[in-house]
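Values in this text are rule-based calculations from the coordinates and carry no lab data. The structure displayed is predicted, hence computed values, not measured ones. All Cβ positions, glycine included, derive from the backbone under ideal geometry; neighbour counts span all protein chains shown.
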Amino acid sequence: MNVVEVNGLGRDYGTGDRTVHALRDVSFGVAKGELVAVRGRSGAGKTTLLNLIGGLDRSTAGTIRVAGRDVTGASENDLLGLRRDVIGFVFQSFGLIPILSAAENVSIPMRLARRKPAERDERVAVLLELVGLGAQANQRPGELSGGQQQRVSLARALANDPELLIADEPTGQLDSDTGRAVMDLLRAVVDARGMTALVATHDSALIDRADRVLTLRDGRLS
């Protein structure tokens, strides 16, 4: 069974003559354990696609299922649960809370899921070691390099052991060497955990590490 199933997906913005067709009739599936890269020029619809699959936006047409759950028809409460329990997000801008330590940032999804403190602390330690930042647990984002911040972001995305990892330009703010290191880590995590990943990128290093590449042009799969 596919972890992600997208059928006839469309997303329009505006009305009448000012309508912008961000996505048009997009259909594809992503199997369990598969790392799929989504590429395309700026404005091609990559971020819109990921936001729709992740339940951060609503589609105009079509259907989306993630891990067997209907995303397009889900209530806001159901989408909240989906984002908390099923999907992990990694963003280009890292999205870390500046006043919290690396460990505290990683623990946030587990706090939202109301996991016990001892369980949270143990898992945070394991995840920070996994991304090579065990020694930086008490440092705040401002004390970390860009690559280290993205590693914290990845650890946070893995906190609740999601079935699907969504990453939007995860190397967009990193230099090429650091970006490759983050991509190697992402590939290793997907392989080790049998996780499914959908990653929007311009980075050829990630595209080379993907199992499959989807190309968007003007809102359509090419």
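Structure notes:
- Out of every Cα-Cα pair that the range 1-91 contains, those further apart than 23 angstrom amount to 21 percent.
- When the charge dipole of the range 25-118 is built from unit charges on Cβ atoms (+1 for Lys and Arg, -1 for Asp and Glu) and taken about the Cα centre, the candidate among G55, Q92, G73 whose Cα reaches farthest toward its positive end is Q92.
- Full-stretch length increase - D218, R111 - with 0.36 nm per residue and alpha-carbon distance subtracted: 34.6 nm
- Candidates D17, D203, D25, ranked by Gaussian network fluctuation over the chain, Cα under 10 Å, top entry: D17
- The range 17-70: translational diffusion in µm²/s, Stokes-Einstein, Kirkwood Rh over Cα pairs, 37 °C, 0.692 mPa s: 260 µm²/s
- The ellipsoid that matches the Cα gyration tensor of the range 65-158 has semi-axes, each √(5λ) in whole angstrom, of 26, 15, 11, with the longest given first.
- Extended-chain gain in nm, criterion 0.36 nm per residue less alpha-carbon gap, A31 and D208: 61.9 nm
- Mean projected area of the convex hull spanned by the Cα atoms of the range 160-201, taken over all viewing directions: 3.0 nm².
- Expressed in units of 2.2 N^0.38 Å, where N is the residue count, the Cα radius of gyration of the range 97-212 is 1.03.
- Phi angles of the range 199-209 translate, via the Karplus equation with coefficients 6.51, -1.76, 1.60 and θ = phi - 60°, into HN-Hα couplings of 10, 8, 7, 9, 7, 5, 5, 6, 4, 5, 8 Hz per residue; Gly and Pro are given as x.
- Multiplying the residue separation of R18 and S93 by 0.36 nm and removing their Cα-Cα distance gives an extension gain of 24.0 nm.
- Summed over qualifying helices (DSSP H, 4 residues or more, each -39500 (n - 2.57)) and divided by its residue number, the chain shows a 222 nm mean residue ellipticity of -11000 deg cm²/dmol.
- Fraction of antiparallel bridges per DSSP, the chain only, in percent to nearest 5: 50 percent
- Check: the range 90-207 dipole with +1 on Lys, Arg Cβ and -1 on Asp, Glu Cβ, in debye: 440 debye
- Computed about the Cα centre, the dipole magnitude for the range 109-160 is approximately 280 debye when only Lys and Arg (+1) and Asp and Glu (-1) carry charge, each at its Cβ.
- Sorting V36, V106, V131 by the number of Cβ atoms found within 10 Å of their own Cβ, with the fewest placed first, yields V36, V131, V106.
- Computed from the C-alpha gyration tensor, the three semi-axes of the ellipsoid equivalent to the chain are 29, 20, 16 Å, from longest to shortest.
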